[in-house]
Structures are given as structure tokens and as C-alpha cells.
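The values are calculated or read from the model by the stated rules, or taken from the named source; none is laboratory data. Because the structure is a prediction, the values reported are computed rather than measured. All Cβ positions, even for glycine, are placed from backbone atoms using ideal geometry, and neighbour counts span all protein chains on display. Heavy atoms of the whole protein, side chains included, go into the accessibility calculation; ligands, DNA and RNA do not. Shrake-Rupley method; radii C 1.70, N 1.55, O 1.52, S 1.80 Å.
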Amino acid sequence: MREAPIGVFDSGVGGLSVLGEIQHLLPQESLLYVADCGNVPYGEKTPEFIRQRCSVMAGFFRQQGAKALVLACNTATVAGVADLRRDYPDWPIVGMEPAVKPAAAATRSGVVGVLATTGTLQSAKFAALLDRFATDVRVITQPCPGLVELIENGDLHSPVLRQLLERYVQPLLAAGCDTIILGCTHYPFLRPMLRHMLADDISLIDTGAAVARQLKRLLTARELLAEGPARAAQFWTSADPEHFQHVLAMLWNSKGSVRSFEL
Ligand code: DGL
């Protein structure tokens, strides 16, 4: 069982930002990554639709013998993680949520910004997160339709992307945010552009590394950590494998074979 793989999925390439943190912390693990690019963006889909996709992904990873599941997607987590934990009570499942707690602890201005998908920001789970951790700070939320699609195209430097990002960041700066949460796993790929746009004293926070640490804790507690040499990740996409391969070459540090996911 220690040598069994770990299933990781997202609506597209965003979860690679999390996969990278997992691979960095746990290089000996065999990682299976599914990008549901045929259905991206999740951020504008109904919770019912996303729950259904979560269930399809979980079924696939179970078939592959995965010892754990990571929802490398904030939007999928708010919609689907509760059902998955109910359906697979003994399976280690790690979800993600915008980093409200660390941001509330870090802010000096007392104003925190959240960039995330519409689905995440409208969810009851996100409202509960604010109730729990954001009582002493002001939180400005900003849905970002369109960003994910540009990132999926491997478009990380264009003027169109810059313009859209500026439009989304501007209200946060105007409100006095000094800490900005990247509440969608696609957005860490915008860090270079954001750093260019923002003053040095504005912090950007995401939860990829925390998710990797949580996964390690769960596997350690169950004596499921793999041993041995580093292993390469394997990839599937529900859209065009060639396109995914092309974007993967920009966002992933090593080569990976990409297969077609047809569920
Ligand atoms: N990467 C996802 C997230 O963390 C969702 C992006 C999307 O498909 O809208 O929320």
C-alpha cells in the first residue's frame, strides 16, 4: 500500500501549482494528475455539476488503486469535498481553501484581498471560513472570470492577461489590502506578473505548500509514506492531450506523458 499512487485533480492546469509542492515535499511518491480541461472553468459551473465531476475523478483514482486523493482545486473542494468524505470515509482526502487564516494573521493594514473563482466566493464553505478566521480584519473579495481560461491557453505574459489582472487587483489596492490571497490554484502561475504589478510590501499567499504538508501528515499517520527513489508524475486530460502537453512544457519542470481521460 505504501507504493500505491496518490490521485490529484483540478479543472485544468491550475492544480499543477499544488502538484509541484507535493512533488517537492514527497518526491518518492507516485503522483497521478487528472486535468478536467474538457470542463474548465469549474468556477462558473453549478455545484451539482462539480460534485458529479468530483465523484467521477474519485472513482477513477480508486480504480487506479490510489492510497489518497488531493482536490487541487478550491472550487471543487467547496462543492464536493464533503460528499467525497462521506462516500469514502477511510480514504485520506485533502481539499483546499483560500488562505484566510494565515492572511488574517499576516496583514498589517487589517485589509485582506481574496482573488478566487465565482463558485468559491459564493459558497457557504467560504462564508464559514470568513466567519471563523476573519472576524478582526476586513476582507475584500474579487471574483476573476476569464483568468483561468487565459492560463489554460498558456497565456502568462500577454497584454490581455495583464489588463484583466489589473482590473481585478485594482479594487483590492484601492481598499488598502496589503495581503492578497490567491484563492484559486491557477493563480500562483500569475505570481511573476503580479509581483511586477504590486509594491514589494504587498504579500501574496496561496495554500499549495500547506496542502502538501497536510498530505504528508495524513500519510505519515497511516504509515503510508512511499520509500525509494524519486518518481515521475503521470498525466491525464479530458480535452486535447497535445494542447495539455504544450502547456505542461511551460508550467511543469519535467517531461510527462499525457493520456486522454474519457469519463
Ligand atoms: N483551479 C480551480 C480553483 O482552485 C478552479 C478554476 C476553474 O476551473 O474555474 O478554484
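Based on the Kirkwood radius over alpha-carbon pairs, what is the Stokes-Einstein translational diffusion coefficient of region 111-203 at 4 °C with 1.567 mPa s viscosity, in µm²/s? Kindly include the intermediate steps, with their values, before the conclusion.
Values: Rh = 13.7 Å.
D = 95 µm²/s.
Expressed in nm², what is the orientationally averaged projection area of the convex hull enclosing the Cα positions of region 29-100?
Details: hull surface 21.1 nm².
Reported value for the Cα convex hull: 5.3 nm².
Just round it to a whole percent: the fraction of Cα-Cα distances in region 48-178 exceeding 27 Å. Show your work: numbers first, answer last.
Numbers: 2706 of 8515 pairs.
Taking all Cα-Cα pairs of region 48-178, the fraction more than 27 Å apart is 32 percent.
If you consider only alpha-carbon coordinates, what radius of gyration and Dmax does region 150-204 have, in Å?
11.0, 32
According to the square roots a ≥ b ≥ c of the eigenvalues of the Cα gyration tensor, what is the shape class of region 122-263, taking rounded for a/c under 1.5, prolate for a/b larger than b/c otherwise, and oblate for the remainder? List each step's numbers first, then the result.
Working: a/c = 2.01, a/b = 1.26, b/c = 1.59.
Cα axes put region 122-263 in the oblate bin.
Using 0.36 nm times the number of residues separating Ala209 and Ala82, minus their current alpha carbon distance, what extension gain do you get?
Length gained between Ala209 and Ala82: 43.5 nm.
If I take the Cα coordinates of the chain and project them onto the principal axes, what are the three extents in Å, biggest first?
Result for the chain: principal-axis Cα extents of 50, 38, 36 Å.
With every protein chain kept in place and ligands, DNA and RNA left out, what is the accessible area per residue of region 80-122? Probe 1.4 Å, answer in Å².
Details: 1820 Å² over 43 residues.
On a per-residue basis, 42 Å².
What list of ³J(HN,Hα) couplings, whole Hz, do you get for region 62-68 from phi and the Karplus terms 6.51, -1.76, 1.60, once you set θ to phi - 60° and write x for glycine and proline?
Couplings: 4, 4, 7, x, 5, 8, 7 Hz.
Show log10 I(q)/I(0) for region 185-224 at q = 0.19, 0.24, 0.29 Å⁻¹, two decimals, from a solvent-free Debye sum over equal Cα scatterers.
Debye intensities relative to I(0), on a log10 scale: -0.64, -0.79, -0.95.
How high is the FRET efficiency from Gln63 to Ala175, r the C-beta distance, R0 35 Å, rounded to 0.05?
On the way: r = 47 Å, r/R0 = 1.34.
Computed FRET efficiency for Gln63 and Ala175 comes out at 0.15.
Return one number: the angle in degrees, 0 to 90 and rounded to the nearest 10, between the long axis of the Cα atoms of helix 124-133 and the longest principal axis of the Cα atoms of the chain.
Long axis of 124-133 versus the principal axis of the chain: about 60 degrees.
Cross-link partners among aspartates and glutamates for Lys216, C-alpha distance below 15 Å, same-chain residues fewer than 8 apart left out?
Glu3, Glu21, Glu29, Glu227
Using the Karplus equation 6.51 cos²θ - 1.76 cosθ + 1.60 (θ = phi - 60°), what ³J(HN,Hα) coupling, rounded to whole Hz, does each residue of region 22-31 give in order, writing x for Gly and Pro?
Once θ is set to phi - 60°, the couplings for region 22-31 become 5, 5, 5, 7, 10, x, 7, 7, 8, 10 Hz.
Provide, in order from the shortest bin, the percent of all Cα-Cα pairs of region 65-141 in each 10 Å bin, continuing until the bin that contains the maximum pair distance.
With a bin width of 10 Å, the distribution comes to 18, 45, 26, 10, 1.
Take the solvent-accessible surface of the protein heavy atoms, probe 1.4 Å, and return the percent of it on the chain that carbon and sulfur atoms account for.
Values: 5910 of 11540 Å².
Carbon and sulfur: 51 percent of the exposed surface of the chain.
Taking only DSSP H segments of four or more residues, each worth -39500 (n - 2.57), what value at 222 nm results for the chain once the sum is divided by all its residues, to the nearest 500 deg cm²/dmol? Each step should come with its number before you reach the end.
Values: 11 runs with 116 residues, N = 263.
Calculated mean residue ellipticity at 222 nm is -13000 deg cm²/dmol.
Pop the C-beta distance of Leu263 and Ala124 into the FRET formula with R0 = 30 Å and round what comes out to the nearest 0.05.
Working: r = 28 Å, r/R0 = 0.93.
After rounding, the FRET efficiency stands at 0.60.
To test your reading of the geometry: what angle, between 0 and 90 degrees and rounded to tens, separates the Cα axis of helix 159-174 from the longest principal axis of the chain?
The two axes meet at around 60 degrees.
Reachable lysines from Lys45, Cα under 18 Å, same-chain residues fewer than 8 places away excluded?
Lys125
Length gain on complete extension for the stretch Met1 to His24, per 0.36 nm per residue less the alpha carbon to alpha carbon distance? Write down the numbers at each step before the final one.
Numbers: separation 23, 0.36 × 23 = 8.28 nm, distance 2.12 nm.
6.2 nm is the gain from fully extending Met1 to His24.
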